[in-house]
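One structure is given below, encoded as structure tokens.
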Amino acid sequence: MSLDLLTVEHVNISFKNDKSLNIPAVRDLSFHIQQGETVGLVGESGCGKSVTALSLMQLVEKNTSSIEGNIVFEGENLNTFSEKEMQEVRGNKISMIFQEPMTSLNPVHKIGKQISEVLFLHGFATKANSKEKTIEILRKVGIPRAESIVDEYPHQLSGGMRQRVMIAMAMACNPKLLIADEPTTALDVTIQAQILDLMKNLQKQYHTAILLITHDLGVISEMADRVIVMYYGQIVEQADVRTIFKNPKHPYTIGLLNSVPNIYSESNDRLTPIEGNVPNIGVIKEGCPFRFRCQQVHAKCHEHNPSLFKLDSQLVRCWLYEEQGVKV
Ligand SMILES: Nc1ncnc2c1ncn2[C@@H]1O[C@H](COP(=O)(O)OP(=O)(O)OP(=O)(O)O)[C@@H](O)[C@H]1O
Ligand SMILES: [Mg+2]
């Protein structure tokens, strides 16, 4: 029996703009997440990380977008679920935390009320025991003086504490999958380390799978079991964390790694940023979207967008691996 909790198959996400053209934000995305594992999703701004996360929760605005393909969670295709069916899934089986907790916490309600509502909604607490359960949950995420925090408002807490509250809410119903979109980017380094530790501990305790979205490769190396690298709405490389750091194959992944200190590398080479920017989504119609910034570009890259090639356990979307790899 497969342990896959989530299988994403050939997902395309596009947005309509004023001229009702379809802008392909994510193209032919396929990946899986197993129970209890952490999958890191990395890539530069605008490459489609958040849109991918939102599509798993079916939170991409329906009127202005379309999601094609299968998003299979515990054997059921969420892409066919009604809004009512998705409400059962959100917060209960899959939950999400964001970079800025103030965007998800309601500023006019007390912390305790916000958590107990989640518990109620999914039948994890009754009126009689909700306060007690809420305090218990806040303690689990390391919130000091939880008894008084329940009666405080979000603005009364520090950024790190607010993120702990978000994690408490996300973990309240013991979800199978936690999607964390840049959960620590807004925090300073010490607090960031504490929050990551907390996520790791909760994961161990509850065997939660985590999809961790970040542009910070340091966070990825700390947390992820496997890594998905995205560029221009597509997966360009996928491998276990060690392979990504020790033996990256796609010129974009290599560029990303050269632009940050690499804990797996023994060399003291200077850091080199990748030249140029990600082109606007939808402009490149043919060829490899990375070719304008690629150091190893050749004729074929201008003509055709590469397929994904499988090399042992690694997937790479680059023509350089056409001969060694098997097309998937
Ligand atoms: N509601 C929307 N309508 C139109 N286009 C959108 C919408 N949401 C996202 N996009 C476009 O989809 C692409 C992917 O955006 P997304 O937010 O997923 O990027 P990201 O990888 O999360 O970037 P960042 O690291 O900055 O958070 C971008 O080009 C963005 O402009
Ligand atoms: Mg984002």
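Annotation: of all residues in region 50-90 being in a loop (DSSP other than H, G, I, E, B) and within 10 Å of ligand 1 (Cβ to nearest atom), the one that is farthest from T208 (Cα to Cα) is E61. Looking at this structure, is S30 over 22 Å from D240 (Cβ atoms) and polar (S, T, N, Q)? No, not satisfied. Filtering M166, M161 for residues that are more than 16 Å from ligand 1 (Cβ to nearest atom) and buried (at least 22 other Cβ atoms within 10 Å of the Cβ) leaves a single hit, M166.
For the structure I just gave you, tell me whether L177 is away from ligand 1 (no atom under 16 Å from the Cβ) and modelled with pLDDT of 95 or more. Criteria met by L177.
Scanning region 61-111 for residues that are buried (at least 17 other Cβ atoms within 10 Å of the Cβ), under 25 Å from R162 (Cβ atoms) and within 16 Å of ligand 2 (Cβ to nearest atom) returns M96, I97, F98, Q99, P101, S104. Evaluated against (1) buried (at least 16 other Cβ atoms within 10 Å of the Cβ); (2) at positive phi, G276 falls short on exactly one condition, (1).
Would you be able to say whether some residue in region 286-302 is in contact (Cβ under 8 Å) with a residue 60 or more places away in the chain and in the same structural domain as P183 (by TED's automatic domain parsing)? No. Restricting attention to region 20-49 and to residues that are outside any strand (DSSP E or B) and within 15 Å of ligand 2 (Cβ to nearest atom), the residue that is nearest to the chain's Cα centre (by Cα) turns out to be K49.
Exactly one condition in (1) more than 16 Å from ligand 1 (Cβ to nearest atom); (2) farther than 25 Å from L257 by Cα; (3) in contact with a helix residue (DSSP H, G or I) (Cβ under 6 Å, 6 or more places away or on another chain) is false for T38; which is it? Status for T38: all satisfied but (2).
Evaluated against (1) buried (at least 20 other Cβ atoms within 10 Å of the Cβ); (2) in contact with a Gly (Cβ under 9 Å, 6 or more places away or on another chain); (3) not charged (D, E, K, R), M199 falls short on exactly one condition, (2).
The rows are residues; the columns are (1) surrounded by fewer than 22 Cβ atoms within 10 Å (Cβ to Cβ); (2) under 27 Å from F290 (Cα atoms).
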residue	(1), (2)
E182	yes, yes
Q192	yes, no
L211	no, yes
S221	yes, yes
D225	yes, yes
A239	no, yes
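Kindly indicate whether any position in region 254-269 is assigned to a loop (DSSP other than H, G, I, E, B), crowded, with 16+ Cβ neighbours inside 10 Å and modelled with pLDDT of 95 or more. Give the derivation first.
Taking region 254-269 first, the residues assigned to a loop (DSSP other than H, G, I, E, B) are 259-269.
Then keep just the ones that are crowded, with 16+ Cβ neighbours inside 10 Å; that gives 262.
Going one step further and asking which of them are modelled with pLDDT of 95 or more, we end up with none.
No, there is no match, as no residue in region 254-269 is assigned to a loop (DSSP other than H, G, I, E, B), crowded, with 16+ Cβ neighbours inside 10 Å and modelled with pLDDT of 95 or more.
Given the residues E88, E182, E152, which is the only one that is closer than 30 Å to K16 by Cα and either of a type in the set (S, T, Y) or touching a helix residue (DSSP H, G or I) at 6+ places or on another chain (Cβ under 9 Å) (or both)?
Values: E88 fails: either of a type in the set (S, T, Y) or touching a helix residue (DSSP H, G or I) at 6+ places or on another chain (Cβ under 9 Å) (or both); E152 fails: closer than 30 Å to K16 by Cα.
Answer to the selection: E182.
The values are calculated or read from the model by the stated rules, or taken from the named source; none is laboratory data. Note that the structure is a prediction, hence the values are computed from the model and not measured. Note that we place each Cβ from the backbone using ideal geometry, even for glycine, and neighbour counts take in every protein chain shown.
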